[in-house]
């Protein structure tokens, strides 16, 4: 049974159990972004190993089971070795609605490219804040607005906040991804985050590619395993740099996007921020394991 995320975002929890961070989240309405989380909250997500990913408004999930206010789901557009259909986990059942996109084929979509975008519902009488990375089907458009299908009916988004998800590969993709990433320099790291409220390292790369119509795997290990790889000498801006323990021979643990000139942009580590780093002379240099070039792939539209 397919359902759709009606919260602005929700974490994909490892277990259907209450915890201190979830208690804080439930004090706020589901349409509010997770910007209210404190540094202590986001560190707890990591230290207590509470979550695996994040799911944004309008994302379709497969529901496996529902009980005691929780839904066991598979996130269909987050590829993972954990399940053949996508990323498995748990979300609070009140974050879900019945899928309402049946009338739209999904071939035209727009994504939020600002840190936050405003969705207007009920002929503009209701406003809802959407996160960077939110993607919705297009119903129609005017000179300055997109009409989009949402879990709450047809709404409008000013074109200032959004851009079309292009179906074709483009040599402009790398610079678009880099420009989108640079608006988040100094944004605090959030374990499992894929949204404008905060990213982990692979979540930032996943969202940047998804906004270009490319659904790369959600986590670093799979991003490395499924990569169209090149050498570092051949690296181009927009390529992913994946790093592994044991001087590049062990498990992959980190990823950044190559900027050119021996630099990358990345969401560094819990307790740190999105930043730019020079590879040579850094602790990352001996750990470079894979250079992945996903940006030349054709667009995908998995749901």
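Quick note: the coordinates plus some simple rules give every number you see, no bench work behind them. Because the structure is a prediction, the values reported are computed rather than measured. For neighbour counting, all protein chains shown are included, and Cβ atoms are generated from backbone atoms with ideal geometry for every residue, glycine included.
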Bins of 10 Å, beginning at zero and ending with the bin holding the largest distance: percent of Cα pairs per bin for the stretch 109-164, please. 28, 65, 7
Roughly speaking, what is the centre-to-centre gap between the stretch 255-275 and the stretch 28-83 when only Cα atoms are used, to the nearest Å? 24 Å
Comparing 195, 272, 143, which has the greatest mean-square fluctuation in the GNM of the chain with Cα pairs linked when under 10 Å apart? 143
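Calculate, for residue 63 and residue 183, the FRET efficiency according to 1/(1 + (r/R0)^6) with r their C-beta to C-beta distance and R0 45 Å; round to the nearest 0.05. Write out the running numbers ahead of the final one.
On the way: r = 34 Å, r/R0 = 0.76.
My answer for the efficiency is 0.85.
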Does anyone have the angle between helix 201-210 and the longest principal axis of the chain? Alpha-carbon axes, 0 to 90°, nearest 10? 60 degrees
Relative contact order of the chain: what whole-number percent is it, with Cα pairs under 8 angstrom and at least 6 residues apart? 17 percent
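Which value in deg cm²/dmol, rounded to the nearest 500, describes the helix-derived mean residue ellipticity at 222 nm for the chain, given -39,500 (n - 2.57) per DSSP H run of n ≥ 4 and division by the residue count? Write out the running numbers ahead of the final one.
Details: 6 runs with 45 residues, N = 303.
Estimated from H runs of four or more residues: -4000 deg cm²/dmol.
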Principal-axis tilt of helix 173-182 within the chain, Cα atoms, nearest 10 degrees: 80 degrees
Nearest 0.05, what FRET efficiency do residue 154 and residue 93 give at R0 = 25 Å with Cβ-Cβ as r? 0.50
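Can you bin the stretch 234-274 into rounded, prolate or oblate? Criterion: square roots of the alpha carbon gyration tensor eigenvalues sorted a ≥ b ≥ c, rounded for a/c under 1.5, prolate for a/b above b/c, oblate for the rest.
oblate
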Expected max-MSF residue from 284, 87, 258 in the GNM of the chain (alpha carbon, under 10 Å) is 284
Highest GNM mean-square fluctuation among 97, 20, 166, for the chain with Cα springs under 10 Å, belongs to 20
Express in % the proportion of alpha carbon pairs of the chain at distances exceeding 23 Å. 53 percent
Estimated translational D of the stretch 173-292 in µm²/s (Stokes, Kirkwood radius over Cα pairs; 10 °C; 1.306 mPa s): 115 µm²/s
What distance in nm lies between label points placed 7 Å from Cα along the C-beta direction at residue 246 and residue 15? 3.0 nm
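Checking a compactness column here: for the stretch 2-98, what do you get for Rg(Cα) / (2.2 N^0.38 Å), N being the number of residues? Before the final figure, lay out the partial values.
On the way: Rg = 12.6 Å, N = 97, 2.2 N^0.38 = 12.5 Å.
My calculation over the Cα atoms of the stretch 2-98 gives 1.01.
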